[in-house]
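The values are calculated or read from the model by the stated rules, or taken from the named source; none is laboratory data. Since the structure is predicted, the reported quantities are computational estimates derived from the model, not experimental observations. When we count neighbours, we look across all protein chains shown, and the Cβ atoms used for this are built from the backbone with ideal geometry, even at glycine.
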Amino acid sequence: MIGRSAFSRMFDLAKGVLGGRTPAQRTYPKFRNDRAAPEIRIGVKEFECIGVSPPHDHPHIYIDMGDQDVIRCPYCATRFRFDPALQPFEADPPDSLFA
């Protein structure tokens, strides 16, 4: 019998880290900036920015703040600030969450 491939072992590791889901299967909150707010406070450090509401949105991109508390979207330059007082699907202004 041939041993398991490195890919197979990596997939098993990812399943454990991601709770049994591949990265493509994970869902992240999406935020928009229809008001052109100078800053949006959010309750997560991993999310997607869509710019403004469709049909004028930019590509929906994944952003990971890592150790930072503030980050700008590379497409629309919206500044996002992590606020631990907010829940994962909350934002300030509240209508910045795209459902």
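On the basis of being in contact with a strand residue (DSSP E or B) (Cβ under 7 Å, 6 or more places away or on another chain), without any contact (Cβ under 8 Å) to a residue 24 or more places away in the chain and surrounded by 15 or more Cβ atoms within 10 Å (Cβ to Cβ), does residue 42 make the cut? Please lay out each step first, then the result.
Details: in contact with a strand residue (DSSP E or B) (Cβ under 7 Å, 6 or more places away or on another chain): yes; without any contact (Cβ under 8 Å) to a residue 24 or more places away in the chain: no; surrounded by 15 or more Cβ atoms within 10 Å (Cβ to Cβ): yes.
Taking the combined requirement at face value, the residue does not satisfy it.
Among the residues of the range 58-91, how many are part of a loop (DSSP other than H, G, I, E, B) and under 17 Å from residue 28 (Cα atoms)?
Going residue by residue through the range 58-91, those that are part of a loop (DSSP other than H, G, I, E, B) are 58-60, 65-69, 73-78, 83-90.
Right, trim to under 17 Å from residue 28 (Cα atoms) and you get 58-60, 65-66, 73, 83-84, 86-90.
The total comes to 13.
Can you find a residue in the range 1-17 that is among the hydrophobic types (A, V, I, L, M, F, W, C), surrounded by 11 or more Cβ atoms within 10 Å (Cβ to Cβ), modelled with pLDDT under 95 and in contact with a helix residue (DSSP H, G or I) (Cβ under 8 Å, 6 or more places away or on another chain)? Show your work before the answer.
So in the range 1-17, the residues among the hydrophobic types (A, V, I, L, M, F, W, C) come out as 1-2, 6-7, 10-11, 13-14, 17.
Now restrict to residues that are surrounded by 11 or more Cβ atoms within 10 Å (Cβ to Cβ): 11, 14.
Right, trim to modelled with pLDDT under 95 and you get 11, 14.
Checking which are in contact with a helix residue (DSSP H, G or I) (Cβ under 8 Å, 6 or more places away or on another chain) leaves us with 14.
Yes, the conditions are met somewhere in the range 1-17.
Would you mention how many residues in the range 79-98 are touching a residue at least 60 places away in the same chain (Cβ under 8 Å) and either of a type in the set (A, V, I, L, M) or in contact with a helix residue (DSSP H, G or I) (Cβ under 6 Å, 6 or more places away or on another chain) (or both)? Quick ask: steps written out before the conclusion?
Just the residues of the range 79-98 that are touching a residue at least 60 places away in the same chain (Cβ under 8 Å), to begin with: 89, 91, 95-98.
Okay, now just the ones that are also either of a type in the set (A, V, I, L, M) or in contact with a helix residue (DSSP H, G or I) (Cβ under 6 Å, 6 or more places away or on another chain) (or both), so 91, 97.
Selection size over the range 79-98: 2.
Go through the range 40-57 and give me each residue that's assigned to a strand (DSSP E or B), touching a Leu at 6+ places or on another chain (Cβ under 8 Å) and of a type in the set (Gly, Ala, Ser). Quick ask: steps written out before the conclusion?
Start the filter on the range 40-57 by keeping residues that are assigned to a strand (DSSP E or B), which leaves 40-42, 46-51.
From what's left, touching a Leu at 6+ places or on another chain (Cβ under 8 Å): 41-42.
Within the range 40-57, none qualify.
Restricting the search to the range 45-69, which residues are of a type in the set (A, V, I, L, M) and in contact (Cβ under 8 Å) with a residue 24 or more places away in the chain? Break it down stepwise before answering.
Taking the range 45-69 as the starting set, the residues that turn out to be of a type in the set (A, V, I, L, M) are 50, 52, 61, 63, 65.
Selection gives 50, 52.
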